[in-house]
Every structure is written in C-alpha cells, then in structure tokens.
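Asks: What follows is a structure written as structure tokens; I'll ask about it next.
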Amino acid sequence: MNRCIYVVDDQPAVLDTAVLILRTLNAQWDVAGFTDPLAALAAVRERAPDLILSDQLMPGMQGSQLLEQVRNLAPGSIRIIMSGYVSLNKLTLITSAHQYIAKPFDVAKLREVVQRSFAAQEQVLNKGLQTLATSLRSIPSLPQVHHSLLAEIQDDSSASSVIARLVGEDAGLTVKVLQLANSPLFGKGYLITSPIDAVMCLGTEMLAAIVLSQSLFRHYESLVHAELDLPRIWHHCWETAYLAQQLCREKKLPHKSAEEAFLAGLLHEAGRFILIDNFAAQYQAACQAARQARSPLTPRLREAFNTTPSQITAYVMELWGMPSSVIAAIALQDDPQREPGGAFSLASALYVADHIACRNSPPDSFPVEAWNTEYLQTIGCQDDIADWETITFPSGSRDD
C-alpha cells in the first residue's frame, strides 16, 4: 500500500535516520522529513499523511502542539510522539498522540511501532469503529515503565532485581504492588515488604499486567464525569480478572491462557474511559437513554457510536501490541459466538467472568445484560454457571 508518512524532528541526524529506516521498511511508502514543524503543517494541509511521527521537544512548537493541529487538519492520521524518558505524569498531558515511542529508538522498535499502527488500522472492520477511531483526540499511550518492564522480561525472565528496581522507581506503583502481593488474592501467608519479594510472589507476567492496569487507571484519575466511578470499575476489573484466571485453570487451559485471561480482565473496561474522555456529552446521552429504557448500557452505546467499548478497547490493545489472544478475547465480548471452534477458550473465560462480576461487582448502575444462552450451550458450560457463580473473590483484594 502506498502510505504517506511524515517525520518531524529538529535534529537532522535523528530525522535522517528515521526517514531512512521507514523508506527501507517499505519502498512503496512515501516518507518525508521536516526539521520545521510549520513546514510539516503546511505539508499536512496539502496532503494528509497516514501517519505522522514527531519529536516532542522542538524550538518554537512542541510535538504535542503540532499533533493537536494535525488532529484538527487530518483526524484520520495516526499520530505518534517521540521523546526521551517521559514520566507517566507528564505523558498523561500529551493527549494529541495515539502512541509514544522513547528515544533513542532502534530500528526494530521503530519498525514495530509503525507496522503495529498500520495493522491496527487495517484490522478495524467495523465501520462505526473506523469512523470513531480516526476522530479520537486522546488514546492512552503504553506507559514507559511498562515498555521497560516488558523489555527486561523478554531479555531475561529471571532479572527480578532489575524489574523490582523499575517498579521501585514509582512510589505509588510500589505501594499498590506490595498491597496486592500481601492481599488474600496473592498472599503467601507472610509479610512482603520489598518490590523484589513482590516480584517473586506475583511472577513477572502477572506483575506486568498489574503495572499496565495501574498505569491505565492512573491515566484517568483526573477524569471527572457523572457516569464514571473509577473505584467501582477498578473493583469490577479485578474480580473479572481473578474469575477469568480461575475458569481457565478449572477448564485446564494452558498456563499462558490463564495469565492472559488475567490481563484481559484487568484491561477490558478501557474503552469506557476512552469514550468518556473523548465524547463526554454523547456518552452522557447514551446513559440517559439507557435509564429511560431501563436497559443495559452497551446497546445504547452501540446506537450512539456504532461501536462498543469492547471494540474500542481491542483497537487500543492492538495499537499497544498486546497478545493477539487478549485482543481477540476482548473484541468478542459483545458477540462471543463469532469465535470459531465451539470450545471453551480464553474468550469464553473472559465472557463468563465479566458477566458474573457484573452481577457481583457491577461497574455501573445499569441493568446487567442477559446471558447468551446459545453461546453457553455451544461451548458446553451452561450447566456450570451456577457453580461458577459461587466462586468467592478473596475479601480485601480489591482495596484501593
């Protein structure tokens, strides 16, 4: 495909390297570089790019300011910000970019980010989601600490001390990880007081899921909306994650499926935040319609946006490069029968766990959607629901 890509960086050496990498990646891509943000804006007015990659710190205009103007001029363009280490608190202020890439970057990392962005865009089949995705002003970036933690896991799964240090650099995250490690959900029966002990207790994959979910919820701490109750949604996500993991184990799915079910449960409500952040008034109107009809919220959101929070979450997870099985499980929540095979799967575990958690720990005050009994019969677990509903979520594990 003949893609158009713009790169903006006031450092010629960095700019030339990025442009060369992208041209080498695909000879059909039309890649142009700009050291002047104003020149880049002029080019956007002439031809809207498929993707624009901008440095954050530039004289005269910051990258976030440039991308905000690009959002208005070319809302369909994928917008990526580049910068050196940015703390999570500062990163949350950059709402004009879809993604963030740390500098210095290597060839593989730049290639991964760009290819993943285009893949996410191409895999959006729902026309309503296509329209909505291109108009999103703010999508949370995959946090820097999670980038670093995943790199350590991939390089050396036994690097517990390094991973503990990364967690320890964030005081708020340290407190939460220690709290969870000592909770009935994960506790080992003795007091855990250091990040490295928490890593040993939780395991690196579960710790990565916790770090990511904590960063996501922290990103929206300042978001105020009448229909948003963060503690309530947090409780629901934790119960969903725990139940999904337990169901995978009970059905003897692979260990990796249980870990990924836990991650999917923690993240599956991200689309709700994104809708409220970007379309507060429309979201409020959908809530009012649901109350008037005394119906679940998701059908009203589908009417308002021609897509659902689950589809939006899956789109963001695709941008972030989350495991394909996690993305598929979240995407299937609204219509699980679309999954081929007819057997109990990770997607089944998430669907069942979410429905049970909606009854025990609902994320909002709307009626709960009815079970898809045909789907439950297809995967052969319609007789298991009553027993699964009795699974006890450990008390004290949801404390904020």
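Asks: Does A27 satisfy the criteria of being in a loop (DSSP other than H, G, I, E, B), within 17 Å of S77 (Cα to Cα) and at pLDDT below 95? It would help to see each step written out before you state the result.
Replies: Numbers: in a loop (DSSP other than H, G, I, E, B): yes; within 17 Å of S77 (Cα to Cα): no; at pLDDT below 95: yes.
Answer is no for this residue.
Asks: Considering (1) crowded, with 21+ Cβ neighbours inside 10 Å; (2) more than 18 Å from the chain's Cα centre (by Cα), say which one A281 fails and leave the rest.
Replies: Exception for A281: condition (1).
Asks: Among the residues of region 207-236, how many are within 19 Å of the chain's Cα centre (by Cα) and within 17 Å of S365 (Cβ to Cβ)?
Replies: Start the filter on region 207-236 by keeping residues that are within 19 Å of the chain's Cα centre (by Cα), which leaves 207-223, 228-236.
In the following step, the residues that additionally are within 17 Å of S365 (Cβ to Cβ) were identified as 228-236.
Final tally of qualifying residues: 9.
Asks: Hey, G342 hits all of (1) within 21 Å of H255 (Cβ to Cβ); (2) touching a Gly at 6+ places or on another chain (Cβ under 9 Å); (3) modelled with pLDDT under 90 but one; which does it fall short on?
Replies: All conditions pass for G342, except number (1).
Asks: I'd like to check something: does region 249-260 contain any residue that is assigned by TED's automatic domain parsing to the domain that holds P309 and either surrounded by 24 or more Cβ atoms within 10 Å (Cβ to Cβ) or hydroxyl-bearing (S, T, Y) (or both)?
Replies: Just the residues of region 249-260 that are assigned by TED's automatic domain parsing to the domain that holds P309, to begin with: 249-260.
Add one more test, that the residue is either surrounded by 24 or more Cβ atoms within 10 Å (Cβ to Cβ) or hydroxyl-bearing (S, T, Y) (or both), and what stays is 257, 260.
Checked against the condition, which is being assigned by TED's automatic domain parsing to the domain that holds P309 and either surrounded by 24 or more Cβ atoms within 10 Å (Cβ to Cβ) or hydroxyl-bearing (S, T, Y) (or both), region 249-260 yields at least one hit.
Asks: Let me ask something else. Answer yes or no as to whether A386 is part of a helix (DSSP H, G or I), outside the structural domain of Q214 (by TED's automatic domain parsing) and among the small types (G, A, S).
Replies: Spelling it out, A386 is indeed part of a helix (DSSP H, G or I), outside the structural domain of Q214 (by TED's automatic domain parsing) and among the small types (G, A, S).
Asks: While we're here: Going through region 335-383 one residue at a time, which ones are among the polar types (S, T, N, Q), without any contact (Cβ under 8 Å) to a residue 60 or more places away in the chain and assigned to a loop (DSSP other than H, G, I, E, B)?
Replies: S365, N372, Q382
Asks: If T313 meets every condition in (1) within 21 Å of A208 (Cα to Cα); (2) of a type outside the set (A, V, I, L, M); (3) not in a helix (DSSP H, G or I) apart from one, which number is that one?
Replies: Condition (3) is where T313 drops out.
Asks: Taking the stated definitions as given, is D354 surrounded by fewer than 21 Cβ atoms within 10 Å (Cβ to Cβ) and at negative phi? Before you say what the answer is, go through the steps one by one.
Replies: Working: surrounded by fewer than 21 Cβ atoms within 10 Å (Cβ to Cβ): no; at negative phi: yes.
Here the answer is no, as D354 does not meet what is asked.
Asks: Could you tell me whether any residue of region 318-337 is of a type in the set (G, A, S) and over 20 Å from the mean Cα position of the chain (by Cα)? Talk me through it step by step, then tell me what you get.
Replies: So the first thing to find is which residues in region 318-337 are of a type in the set (G, A, S), and the list is 321, 324-325, 328-329, 331.
Subsequent filtering for residues that are over 20 Å from the mean Cα position of the chain (by Cα) retains none.
No, there is no match, as no residue in region 318-337 is of a type in the set (G, A, S) and over 20 Å from the mean Cα position of the chain (by Cα).
Asks: Does region 178-187 contain any residue that is outside any helix (DSSP H, G or I), modelled with pLDDT of 75 or more, outside the structural domain of A258 (by TED's automatic domain parsing) and under 23 Å from F217 (Cα atoms)?
Replies: Let us first name the residues in region 178-187 that are outside any helix (DSSP H, G or I), namely 182-187.
Subset that is modelled with pLDDT of 75 or more: 182.
Add one more test, that the residue is outside the structural domain of A258 (by TED's automatic domain parsing), and what stays is 182.
Next, from what is left, pick out any that are under 23 Å from F217 (Cα atoms): 182.
Scanning region 178-187 turns up at least one residue that is outside any helix (DSSP H, G or I), modelled with pLDDT of 75 or more, outside the structural domain of A258 (by TED's automatic domain parsing) and under 23 Å from F217 (Cα atoms).
Asks: May I pose another question? Could you run through region 237-268 and say how many residues are more than 15 Å from the chain's Cα centre (by Cα) and either of a type in the set (D, E, K, R) or under 16 Å from R359 (Cα atoms) (or both)? So that I can check it myself, show each step before the final result.
Replies: Initial filter on region 237-268 (more than 15 Å from the chain's Cα centre (by Cα)): 238-240, 242-259.
In the following step, the residues that additionally are either of a type in the set (D, E, K, R) or under 16 Å from R359 (Cα atoms) (or both) were identified as 238-240, 242-244, 249-252, 256, 259.
Going through region 237-268 one residue at a time, the tally reaches 12.
Asks: Considering each of I233, I192 in turn, give the residue that is assigned to a loop (DSSP other than H, G, I, E, B) and surrounded by 18 or more Cβ atoms within 10 Å (Cβ to Cβ).
Replies: On the way: I233 fails: assigned to a loop (DSSP other than H, G, I, E, B).
Residue meeting the stated conditions: I192.
Asks: S348 versus (1) buried (at least 21 other Cβ atoms within 10 Å of the Cβ); (2) under 19 Å from the mean Cα position of the chain (by Cα): which is the lone unmet condition?
Replies: Only one criterion is unmet by S348, namely (2).
Asks: Please report, ordered by residue number, the helices (runs of 4 or more DSSP H) entirely within region 37-121 with at least 2 residues that are at pLDDT below 80.
Replies: Numbers: elements: 37-46, 63-73, 88-91.
By residue number, 88-91.
Asks: Taking region 305-321, which residues are under 21 Å from A370 (Cβ atoms) and either among the charged types (D, E, K, R) or without any contact (Cβ under 8 Å) to a residue 40 or more places away in the chain (or both)?
Replies: Across region 305-321, the qualifying residue is only T308.
Asks: Pairs, please: C-beta under 7 Å, at least 6 apart or cross-chain, first residue more than 12 Å from G76 (Cα to Cα) and in region 31-52, second loosely packed, with under 14 Cβ neighbours inside 10 Å and hydrophobic (A, V, I, L, M, F, W, C)?
Replies: From residues that are more than 12 Å from G76 (Cα to Cα), the pairs are R45/L73.
Asks: Of the residues P336, P323, P362, only one is in contact with a Phe, Trp or Tyr (Cβ under 6 Å, 6 or more places away or on another chain) and either among the basic types (K, R) or surrounded by 14 or more Cβ atoms within 10 Å (Cβ to Cβ) (or both); which? Lay out the reasoning, then the answer.
Replies: Numbers: P323 fails: in contact with a Phe, Trp or Tyr (Cβ under 6 Å, 6 or more places away or on another chain); P362 fails: in contact with a Phe, Trp or Tyr (Cβ under 6 Å, 6 or more places away or on another chain).
Being in contact with a Phe, Trp or Tyr (Cβ under 6 Å, 6 or more places away or on another chain) and either among the basic types (K, R) or surrounded by 14 or more Cβ atoms within 10 Å (Cβ to Cβ) (or both) holds for just one of P336, P323, P362, which is P336.
The values are calculated or read from the model by the stated rules, or taken from the named source; none is laboratory data. Quick caveat: nothing in here was measured; it's all calculated off a predicted structure. Don't worry about glycine lacking a Cβ; one is built from the backbone with ideal geometry, like all the others, and counts go over all protein chains shown.
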